[in-house]
Amino acid sequence: MKFGGTSVGTATNIRGVENIITSNEKKIVVLSAMSGTTNSLVEIASRIKKGNHEGALEIVNDLKQHYLSTAKELSSDSESFNKLEKLLNSEFEILAQKASEKYSDQLEKEIVVTGEIITTKMITLYLKGKGVNVELLWALNFMRTDNNGEPDYYYVQESINREINKYPNCNLFITQGFICKTMKGEVSNLTRGGSDYSATIIGAAIHASEVIIWSDKDGLLNCDPRFVEQTYPLKTISYEEAEELAYFGAKILHPSCIFPVKGLKIPVFLKNTMNPQAPGTLISADSIGQKGEIIALAAKDDVVAIYIKSASMLNAYGFLLKIFNVFNMYRTSVDMITTSEVAVAVTITDTTHLHDIVRELSKFGEIEYFENQTIICAVGNIPAQQSDISVKIFEAMSDIQIKMISYGASKRNITMLIDSKDKTRALNNLNKNLFKDKLCSVKN
(Lines give C-alpha, C1' and ligand atoms only; values in the text may rest on other atoms or scores of the structure.)
Protein backbone atom coordinates (compact mmCIF):
# COMPACT_ATOMS: atom_id res chain seq x y z
CA MET A 1 0.00 0.00 0.00
CA LYS A 2 1.11 3.54 -0.78
CA PHE A 3 -0.33 6.63 0.89
CA GLY A 4 0.18 10.07 -0.63
CA GLY A 5 0.94 13.32 1.14
CA THR A 6 -2.70 14.30 1.65
CA SER A 7 -3.45 10.86 3.15
CA VAL A 8 -0.92 11.56 5.93
CA GLY A 9 -1.34 15.35 5.91
CA THR A 10 -3.25 15.72 9.19
CA ALA A 11 -3.65 13.83 12.46
CA THR A 12 -7.19 12.86 11.42
CA ASN A 13 -5.98 11.47 8.12
CA ILE A 14 -3.13 9.58 9.80
CA ARG A 15 -5.68 7.88 12.06
CA GLY A 16 -7.60 6.96 8.90
CA VAL A 17 -4.45 5.36 7.52
CA GLU A 18 -4.01 3.53 10.83
CA ASN A 19 -7.48 2.01 10.48
CA ILE A 20 -6.69 0.82 6.95
CA ILE A 21 -3.27 -0.72 7.57
CA THR A 22 -3.71 -2.39 10.96
CA SER A 23 -5.28 -5.61 9.70
CA ASN A 24 -3.73 -9.06 9.92
CA GLU A 25 -2.68 -9.20 6.29
CA LYS A 26 1.06 -8.99 5.74
CA LYS A 27 1.83 -5.71 4.00
CA ILE A 28 4.41 -3.06 3.23
CA VAL A 29 3.20 0.53 3.56
CA VAL A 30 4.96 3.18 1.49
CA LEU A 31 4.49 6.73 2.75
CA SER A 32 4.98 10.10 1.10
CA ALA A 33 5.93 13.16 3.11
CA MET A 34 3.08 15.03 4.82
CA SER A 35 1.37 17.28 2.29
CA GLY A 36 3.21 20.53 1.61
CA THR A 37 6.48 19.26 3.09
CA THR A 38 8.35 18.64 -0.16
CA ASN A 39 7.45 22.11 -1.47
CA SER A 40 8.87 23.60 1.74
CA LEU A 41 12.03 21.51 1.43
CA VAL A 42 12.54 22.60 -2.19
CA GLU A 43 12.19 26.22 -1.04
CA ILE A 44 14.74 25.61 1.74
CA ALA A 45 17.22 24.36 -0.87
CA SER A 46 16.42 27.33 -3.11
CA ARG A 47 17.18 29.80 -0.31
CA ILE A 48 20.43 28.03 0.55
CA LYS A 49 21.43 28.26 -3.11
CA LYS A 50 20.83 32.03 -2.99
CA GLY A 51 22.90 32.30 0.20
CA ASN A 52 19.84 33.08 2.32
CA HIS A 53 20.58 30.66 5.15
CA GLU A 54 18.54 32.67 7.64
CA GLY A 55 15.49 32.43 5.37
CA ALA A 56 16.08 28.68 4.98
CA LEU A 57 16.14 28.24 8.76
CA GLU A 58 12.85 30.13 9.06
CA ILE A 59 11.16 27.53 6.85
CA VAL A 60 12.80 24.71 8.84
CA ASN A 61 11.32 26.13 12.04
CA ASP A 62 7.88 26.62 10.49
CA LEU A 63 7.94 23.03 9.22
CA LYS A 64 9.04 21.79 12.64
CA GLN A 65 6.11 23.53 14.33
CA HIS A 66 3.71 21.98 11.81
CA TYR A 67 5.01 18.46 12.61
CA LEU A 68 4.99 19.11 16.36
CA SER A 69 1.40 20.33 16.15
CA THR A 70 0.40 17.15 14.29
CA ALA A 71 2.28 15.00 16.84
CA LYS A 72 0.50 16.72 19.72
CA GLU A 73 -2.87 16.08 18.10
CA LEU A 74 -1.96 12.42 17.59
CA SER A 75 -0.81 11.91 21.18
CA SER A 76 -3.23 10.60 23.79
CA ASP A 77 -1.03 11.62 26.75
CA SER A 78 2.09 13.62 27.61
CA GLU A 79 4.33 10.56 27.59
CA SER A 80 3.50 9.62 24.01
CA PHE A 81 3.90 13.25 22.91
CA ASN A 82 7.28 13.52 24.66
CA LYS A 83 8.57 10.58 22.62
CA LEU A 84 7.35 12.10 19.36
CA GLU A 85 8.68 15.53 20.35
CA LYS A 86 12.13 14.09 21.09
CA LEU A 87 12.20 12.37 17.70
CA LEU A 88 11.10 15.49 15.80
CA ASN A 89 13.54 17.76 17.65
CA SER A 90 16.37 15.43 16.64
CA GLU A 91 15.30 15.18 12.99
CA PHE A 92 14.78 18.91 12.56
CA GLU A 93 18.12 19.64 14.22
CA ILE A 94 19.73 17.61 11.43
CA LEU A 95 17.72 19.55 8.82
CA ALA A 96 18.73 22.87 10.43
CA GLN A 97 22.39 21.85 10.21
CA LYS A 98 21.97 21.14 6.50
CA ALA A 99 20.28 24.52 6.05
CA SER A 100 23.49 26.14 7.33
CA GLU A 101 25.77 24.33 4.87
CA LYS A 102 27.12 25.50 1.53
CA TYR A 103 24.79 24.65 -1.38
CA SER A 104 25.45 21.71 -3.68
CA ASP A 105 23.22 19.57 -5.89
CA GLN A 106 23.82 16.66 -3.53
CA LEU A 107 22.85 18.73 -0.49
CA GLU A 108 19.58 19.65 -2.21
CA LYS A 109 18.79 15.98 -2.87
CA GLU A 110 19.48 15.12 0.76
CA ILE A 111 17.21 17.94 1.94
CA VAL A 112 14.33 17.11 -0.42
CA VAL A 113 14.04 13.50 0.83
CA THR A 114 13.87 14.57 4.48
CA GLY A 115 10.07 14.75 4.43
CA GLU A 116 9.62 11.04 3.80
CA ILE A 117 12.19 10.18 6.45
CA ILE A 118 10.58 12.30 9.17
CA THR A 119 7.01 11.30 8.27
CA THR A 120 7.73 7.56 8.33
CA LYS A 121 9.67 7.77 11.60
CA MET A 122 6.91 9.81 13.25
CA ILE A 123 4.07 7.53 12.13
CA THR A 124 5.98 4.34 13.00
CA LEU A 125 6.70 5.65 16.51
CA TYR A 126 3.06 6.72 16.87
CA LEU A 127 1.83 3.22 15.90
CA LYS A 128 4.32 1.51 18.23
CA GLY A 129 2.97 3.70 21.03
CA LYS A 130 -0.50 2.32 20.23
CA GLY A 131 0.84 -1.23 20.63
CA VAL A 132 0.97 -2.02 16.89
CA ASN A 133 3.59 -4.60 15.84
CA VAL A 134 5.25 -2.55 13.09
CA GLU A 135 8.80 -2.17 11.77
CA LEU A 136 10.36 0.68 9.81
CA LEU A 137 12.33 -0.37 6.74
CA TRP A 138 15.01 2.10 5.66
CA ALA A 139 14.42 2.61 1.91
CA LEU A 140 18.05 3.59 1.35
CA ASN A 141 19.00 0.01 2.35
CA PHE A 142 17.25 -1.48 -0.67
CA MET A 143 16.02 1.15 -3.16
CA ARG A 144 18.81 1.75 -5.67
CA THR A 145 19.08 3.02 -9.24
CA ASP A 146 21.56 1.84 -11.87
CA ASN A 147 24.01 3.89 -13.93
CA ASN A 148 21.16 5.01 -16.20
CA GLY A 149 19.07 6.28 -13.28
CA GLU A 150 16.62 3.38 -13.65
CA PRO A 151 15.62 1.07 -10.77
CA ASP A 152 18.10 -1.75 -10.17
CA TYR A 153 15.39 -4.40 -9.88
CA TYR A 154 17.67 -7.32 -8.99
CA TYR A 155 19.34 -5.34 -6.18
CA VAL A 156 15.97 -4.11 -4.86
CA GLN A 157 14.52 -7.63 -4.82
CA GLU A 158 17.50 -9.17 -3.05
CA SER A 159 17.86 -6.34 -0.55
CA ILE A 160 14.25 -5.77 0.49
CA ASN A 161 13.57 -9.46 1.03
CA ARG A 162 16.70 -9.63 3.18
CA GLU A 163 15.42 -6.67 5.23
CA ILE A 164 11.95 -8.22 5.67
CA ASN A 165 13.42 -11.56 6.76
CA LYS A 166 15.04 -9.84 9.74
CA TYR A 167 11.55 -9.59 11.29
CA PRO A 168 9.87 -13.02 10.89
CA ASN A 169 7.13 -12.22 13.41
CA CYS A 170 6.09 -8.89 11.88
CA ASN A 171 3.26 -8.46 9.38
CA LEU A 172 3.37 -4.66 8.99
CA PHE A 173 6.27 -2.71 7.55
CA ILE A 174 6.52 1.00 6.82
CA THR A 175 9.02 2.52 4.43
CA GLN A 176 9.72 5.73 2.57
CA GLY A 177 8.52 6.39 -0.93
CA PHE A 178 10.36 8.61 -3.43
CA ILE A 179 13.85 8.22 -1.99
CA CYS A 180 16.66 5.99 -3.28
CA LYS A 181 20.42 5.71 -3.61
CA THR A 182 22.53 5.77 -6.76
CA MET A 183 25.12 3.18 -7.73
CA LYS A 184 27.69 5.48 -6.08
CA GLY A 185 25.77 5.33 -2.80
CA GLU A 186 24.57 8.93 -2.99
CA VAL A 187 21.09 9.89 -1.81
CA SER A 188 18.72 10.61 -4.70
CA ASN A 189 15.03 10.35 -5.58
CA LEU A 190 12.58 8.96 -8.14
CA THR A 191 11.30 12.50 -9.03
CA ARG A 192 8.10 14.17 -7.80
CA GLY A 193 5.25 11.73 -7.38
CA GLY A 194 7.80 8.94 -7.14
CA SER A 195 6.18 7.26 -4.12
CA ASP A 196 3.80 5.53 -6.56
CA TYR A 197 6.86 4.24 -8.39
CA SER A 198 8.46 3.09 -5.11
CA ALA A 199 5.29 1.14 -4.28
CA THR A 200 5.13 -0.76 -7.57
CA ILE A 201 8.88 -1.44 -7.59
CA ILE A 202 8.52 -2.91 -4.08
CA GLY A 203 5.34 -4.74 -5.09
CA ALA A 204 7.19 -6.42 -7.94
CA ALA A 205 10.22 -7.21 -5.76
CA ILE A 206 8.14 -9.08 -3.16
CA HIS A 207 5.66 -10.51 -5.72
CA ALA A 208 2.81 -8.82 -3.87
CA SER A 209 -0.75 -10.10 -4.36
CA GLU A 210 -1.79 -6.50 -5.15
CA VAL A 211 -0.65 -2.90 -4.92
CA ILE A 212 -3.07 -0.27 -3.57
CA ILE A 213 -2.31 3.40 -4.19
CA TRP A 214 -4.27 5.49 -1.70
CA SER A 215 -4.86 9.18 -2.40
CA ASP A 216 -7.65 11.72 -1.90
CA LYS A 217 -9.51 10.69 -5.09
CA ASP A 218 -12.13 7.97 -5.67
CA GLY A 219 -9.91 6.32 -8.26
CA LEU A 220 -8.92 7.46 -11.74
CA LEU A 221 -11.43 9.86 -13.29
CA ASN A 222 -12.31 10.02 -16.96
CA CYS A 223 -11.12 13.68 -17.07
CA ASP A 224 -9.26 16.13 -14.87
CA PRO A 225 -11.91 17.72 -12.59
CA ARG A 226 -9.82 20.88 -12.27
CA PHE A 227 -10.69 21.73 -15.87
CA VAL A 228 -13.77 19.65 -16.74
CA GLU A 229 -17.21 20.31 -15.27
CA GLN A 230 -18.55 16.73 -15.15
CA THR A 231 -16.37 13.70 -14.46
CA TYR A 232 -16.77 10.17 -13.11
CA PRO A 233 -14.39 7.46 -11.77
CA LEU A 234 -13.37 4.53 -13.96
CA LYS A 235 -14.08 1.11 -12.46
CA THR A 236 -11.46 -0.78 -14.48
CA ILE A 237 -8.64 0.06 -16.85
CA SER A 238 -5.83 -1.89 -18.52
CA TYR A 239 -2.13 -1.47 -17.76
CA GLU A 240 -1.56 0.04 -21.21
CA GLU A 241 -4.37 2.55 -20.85
CA ALA A 242 -3.15 3.57 -17.37
CA GLU A 243 0.38 4.06 -18.72
CA GLU A 244 -0.89 6.31 -21.51
CA LEU A 245 -2.99 8.41 -19.12
CA ALA A 246 -0.16 8.75 -16.59
CA TYR A 247 2.35 9.73 -19.25
CA PHE A 248 0.03 12.29 -20.78
CA GLY A 249 -0.88 14.06 -17.58
CA ALA A 250 -3.13 12.04 -15.22
CA LYS A 251 -1.90 13.40 -11.86
CA ILE A 252 -3.03 10.44 -9.76
CA LEU A 253 -0.27 8.18 -11.17
CA HIS A 254 3.49 8.50 -11.65
CA PRO A 255 4.23 7.97 -15.39
CA SER A 256 6.54 5.00 -14.74
CA CYS A 257 4.69 3.22 -11.95
CA ILE A 258 2.81 0.63 -14.03
CA PHE A 259 5.88 -0.88 -15.70
CA PRO A 260 7.29 -2.82 -12.67
CA VAL A 261 4.05 -4.76 -12.01
CA LYS A 262 2.81 -5.14 -15.59
CA GLY A 263 4.96 -8.17 -16.51
CA LEU A 264 4.01 -9.98 -13.28
CA LYS A 265 0.31 -9.12 -13.76
CA ILE A 266 0.04 -7.73 -10.24
CA PRO A 267 -3.22 -5.75 -10.03
CA VAL A 268 -3.07 -2.11 -8.96
CA PHE A 269 -5.98 -0.45 -7.16
CA LEU A 270 -6.45 3.32 -6.89
CA LYS A 271 -8.48 4.15 -3.78
CA ASN A 272 -9.46 7.08 -1.57
CA THR A 273 -8.14 7.24 2.00
CA MET A 274 -10.96 9.58 2.95
CA ASN A 275 -13.57 7.28 1.43
CA PRO A 276 -12.11 3.76 1.76
CA GLN A 277 -15.45 2.04 1.02
CA ALA A 278 -15.56 3.47 -2.52
CA PRO A 279 -14.65 0.80 -5.11
CA GLY A 280 -11.92 2.92 -6.73
CA THR A 281 -10.23 1.89 -9.98
CA LEU A 282 -8.71 -1.51 -10.78
CA ILE A 283 -5.73 -1.55 -13.17
CA SER A 284 -5.01 -5.02 -14.52
CA ALA A 285 -4.27 -7.14 -17.57
CA ASP A 286 -7.91 -8.24 -17.74
CA SER A 287 -9.42 -4.75 -17.77
CA ILE A 288 -9.23 -3.95 -21.47
CA GLY A 289 -12.22 -1.86 -22.46
CA GLN A 290 -14.73 -2.53 -25.17
CA LYS A 291 -13.28 -2.28 -28.67
CA GLY A 292 -13.89 1.09 -30.25
CA GLU A 293 -14.35 2.88 -26.93
CA ILE A 294 -12.59 5.96 -25.56
CA ILE A 295 -12.50 5.69 -21.76
CA ALA A 296 -10.64 8.80 -20.61
CA LEU A 297 -8.88 12.04 -21.52
CA ALA A 298 -5.60 13.48 -20.28
CA ALA A 299 -3.69 16.67 -20.98
CA LYS A 300 0.03 17.36 -20.86
CA ASP A 301 1.12 20.99 -20.50
CA ASP A 302 4.40 22.85 -20.98
CA VAL A 303 4.91 21.27 -24.39
CA VAL A 304 7.17 22.78 -27.07
CA ALA A 305 6.51 22.02 -30.74
CA ILE A 306 9.52 22.05 -33.11
CA TYR A 307 9.04 22.16 -36.89
CA ILE A 308 11.87 21.19 -39.26
CA LYS A 309 11.42 21.93 -42.97
CA SER A 310 13.97 20.78 -45.55
CA ALA A 311 13.78 20.19 -49.31
CA SER A 312 16.65 17.69 -48.95
CA MET A 313 14.28 15.41 -47.07
CA LEU A 314 12.33 14.63 -50.27
CA ASN A 315 12.92 10.99 -51.32
CA ALA A 316 15.92 10.86 -48.99
CA TYR A 317 16.76 8.26 -46.39
CA GLY A 318 18.52 8.80 -43.08
CA PHE A 319 16.98 12.24 -42.50
CA LEU A 320 14.96 11.17 -39.45
CA LEU A 321 18.04 9.42 -38.07
CA LYS A 322 19.97 12.72 -38.17
CA ILE A 323 17.15 14.53 -36.41
CA PHE A 324 16.76 11.97 -33.66
CA ASN A 325 20.51 11.82 -33.13
CA VAL A 326 20.23 15.46 -32.02
CA PHE A 327 17.61 14.60 -29.40
CA ASN A 328 19.69 11.61 -28.34
CA MET A 329 22.75 13.84 -27.98
CA TYR A 330 20.88 16.03 -25.50
CA ARG A 331 19.04 13.15 -23.79
CA THR A 332 15.66 14.67 -24.63
CA SER A 333 12.66 12.45 -25.33
CA VAL A 334 10.09 13.18 -28.03
CA ASP A 335 6.37 12.83 -27.23
CA MET A 336 4.76 13.25 -30.67
CA ILE A 337 6.03 13.16 -34.23
CA THR A 338 4.37 13.82 -37.59
CA THR A 339 6.01 13.89 -41.02
CA SER A 340 5.32 15.00 -44.58
CA GLU A 341 7.47 14.81 -47.72
CA VAL A 342 9.65 17.77 -46.74
CA ALA A 343 8.88 18.46 -43.06
CA VAL A 344 8.99 16.91 -39.62
CA ALA A 345 7.20 18.15 -36.50
CA VAL A 346 8.01 16.90 -33.00
CA THR A 347 7.08 17.85 -29.45
CA ILE A 348 9.17 17.82 -26.28
CA THR A 349 8.50 18.71 -22.64
CA ASP A 350 12.07 18.78 -21.32
CA THR A 351 13.32 22.20 -22.46
CA THR A 352 16.65 22.09 -20.62
CA HIS A 353 18.58 21.98 -23.91
CA LEU A 354 15.97 23.56 -26.18
CA HIS A 355 18.24 26.22 -27.66
CA ASP A 356 21.07 23.73 -28.22
CA ILE A 357 18.65 21.37 -29.97
CA VAL A 358 17.30 24.16 -32.19
CA ARG A 359 20.85 25.22 -33.08
CA GLU A 360 21.82 21.66 -34.08
CA LEU A 361 18.60 21.05 -36.03
CA SER A 362 19.05 24.28 -37.99
CA LYS A 363 21.93 22.57 -39.81
CA PHE A 364 19.35 20.39 -41.57
CA GLY A 365 16.73 22.96 -42.58
CA GLU A 366 14.44 25.79 -41.50
CA ILE A 367 13.42 25.60 -37.84
CA GLU A 368 10.43 27.04 -36.01
CA TYR A 369 9.42 26.28 -32.46
CA PHE A 370 6.37 27.21 -30.39
CA GLU A 371 6.02 27.18 -26.60
CA ASN A 372 2.84 27.13 -24.47
CA GLN A 373 1.44 24.08 -26.22
CA THR A 374 -0.67 21.25 -24.74
CA ILE A 375 -1.07 17.62 -25.79
CA ILE A 376 -4.61 16.26 -25.45
CA CYS A 377 -4.71 12.48 -25.30
CA ALA A 378 -7.85 10.35 -25.77
CA VAL A 379 -7.22 6.85 -24.38
CA GLY A 380 -9.06 3.59 -24.89
CA ASN A 381 -9.29 0.49 -27.06
CA ILE A 382 -9.14 2.21 -30.44
CA PRO A 383 -8.69 0.22 -33.68
CA ALA A 384 -7.29 2.42 -36.47
CA GLN A 385 -10.30 1.64 -38.66
CA GLN A 386 -12.79 2.90 -36.06
CA SER A 387 -14.00 5.95 -38.00
CA ASP A 388 -16.88 6.97 -35.70
CA ILE A 389 -14.42 7.87 -32.92
CA SER A 390 -12.46 10.25 -35.14
CA VAL A 391 -15.75 11.82 -36.28
CA LYS A 392 -16.76 12.52 -32.65
CA ILE A 393 -13.33 13.94 -31.87
CA PHE A 394 -13.25 16.26 -34.88
CA GLU A 395 -16.79 17.42 -34.15
CA ALA A 396 -15.73 18.34 -30.61
CA MET A 397 -12.60 20.11 -31.87
CA SER A 398 -14.26 21.91 -34.77
CA ASP A 399 -13.66 25.37 -33.29
CA ILE A 400 -10.16 24.63 -31.96
CA GLN A 401 -7.00 24.65 -34.05
CA ILE A 402 -5.22 21.29 -34.01
CA LYS A 403 -1.49 21.80 -34.62
CA MET A 404 -0.55 18.10 -34.82
CA ILE A 405 -2.35 14.78 -34.56
CA SER A 406 -1.14 11.22 -34.02
CA TYR A 407 -3.59 8.43 -34.79
CA GLY A 408 -3.07 4.80 -35.79
CA ALA A 409 0.42 4.19 -34.41
CA SER A 410 -1.15 2.90 -31.18
CA LYS A 411 -4.43 1.14 -30.48
CA ARG A 412 -4.53 2.87 -27.12
CA ASN A 413 -4.54 6.59 -27.89
CA ILE A 414 -5.27 9.50 -30.19
CA THR A 415 -3.13 12.53 -29.39
CA MET A 416 -3.56 16.13 -30.53
CA LEU A 417 -1.45 19.24 -30.06
CA ILE A 418 -3.20 22.54 -29.39
CA ASP A 419 -2.42 25.97 -27.91
CA SER A 420 -2.55 25.82 -24.12
CA LYS A 421 -5.09 28.65 -24.04
CA ASP A 422 -7.60 26.29 -25.71
CA LYS A 423 -7.04 23.39 -23.30
CA THR A 424 -10.04 23.82 -20.98
CA ARG A 425 -12.45 24.36 -23.87
CA ALA A 426 -11.08 21.34 -25.75
CA LEU A 427 -11.35 19.02 -22.74
CA ASN A 428 -14.92 20.07 -21.99
CA ASN A 429 -15.97 19.73 -25.64
CA LEU A 430 -14.42 16.27 -25.90
CA ASN A 431 -15.87 15.19 -22.56
CA LYS A 432 -19.40 16.11 -23.66
CA ASN A 433 -19.06 14.56 -27.12
CA LEU A 434 -17.28 11.32 -26.22
CA PHE A 435 -18.92 10.49 -22.88
CA LYS A 436 -22.41 11.90 -23.39
CA ASP A 437 -24.27 8.71 -22.41
CA LYS A 438 -22.15 8.03 -19.33
CA LEU A 439 -22.39 11.61 -18.14
CA CYS A 440 -26.19 11.41 -18.36
CA SER A 441 -26.27 8.17 -16.33
CA VAL A 442 -23.92 9.66 -13.69
CA LYS A 443 -26.08 12.80 -13.46
CA ASN A 444 -29.27 10.75 -13.09
For this session: Return only the number of the condition from (1) at pLDDT below 95; (2) open to solvent by 70 Å² or more (accessible area, probe 1.4 Å); (3) closer than 23 Å to I28 by Cβ that D286 does not satisfy.
Result: (3)
Exercise. What number goes with the only condition from (1) under 20 Å from I59 (Cα atoms); (2) touching a residue at least 24 places away in the same chain (Cβ under 8 Å); (3) charged (D, E, K, R) that D105 does not pass?
Worked result: (2)
Exercise. Got at least one residue in the range 357-367 being open to solvent by less than 60 Å² (accessible area, probe 1.4 Å) and within 30 Å of the chain's Cα centre (by Cα)?
Worked result: yes
Exercise. What number of residues within the range 205-253 are modelled with pLDDT of 95 or more, small (G, A, S) and open to solvent by 10 Å² or more (accessible area, probe 1.4 Å)?
Worked result: 2
Exercise. Among all residue pairs at least 6 apart or on different chains, which show Cβ distances below 9 Å where the first residue, located in the range 166-180, is touching a residue at least 24 places away in the same chain (Cβ under 8 Å) and the second is open to solvent by 10 Å² or more (accessible area, probe 1.4 Å) and of a type in the set (F, W, Y)?
Worked result: F173/Y167; T175/W138; Q176/W138; G177/Y197; F178/Y197
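Quick one: in the range 395-418, which of the residues that are over 19 Å from A345 (Cβ atoms) and free of Cβ contacts under 8 Å to residues at least 40 places away in the same chain is least open to solvent (accessible area, probe 1.4 Å)?
A396
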Exercise. Would you say E158 is acidic (D, E) and either surrounded by 18 or more Cβ atoms within 10 Å (Cβ to Cβ) or modelled with pLDDT under 95 (or both)?
Worked result: no
Exercise. Before we move on, is L270 surrounded by 18 or more Cβ atoms within 10 Å (Cβ to Cβ), hydrophobic (A, V, I, L, M, F, W, C) and either touching a Ser or Thr at 6+ places or on another chain (Cβ under 8 Å) or under 30 Å from R15 (Cβ atoms) (or both)?
Worked result: yes
For this session: Kindly indicate whether any position in the range 363-375 is among the small types (G, A, S) and within 30 Å of Y239 (Cβ to Cβ).
Result: no
Exercise. Which condition does G185 not pass, out of (1) under 26 Å from G115 (Cα atoms); (2) touching a residue at least 12 places away in the same chain (Cβ under 8 Å), if it passes all the others?
Worked result: (2)
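Could you tell me how many of the residues in the range 405-426 are within 26 Å of the chain's Cα centre (by Cα) and either at pLDDT below 95 or within 16 Å of G380 (Cα to Cα) (or both)?
Of the residues in that region, 11 qualify.
The values are calculated or read from the model by the stated rules, or taken from the named source; none is laboratory data. This one's a predicted model, so the numbers in the text were calculated from it and none came from an experiment. Positions of Cβ are generated from backbone atoms using ideal geometry, with glycine treated the same way; all protein chains shown enter the neighbour counts. Areas reflect the complete protein model, heavy atoms only, side chains present, ligands, DNA and RNA absent. Shrake-Rupley method; radii C 1.70, N 1.55, O 1.52, S 1.80 Å.
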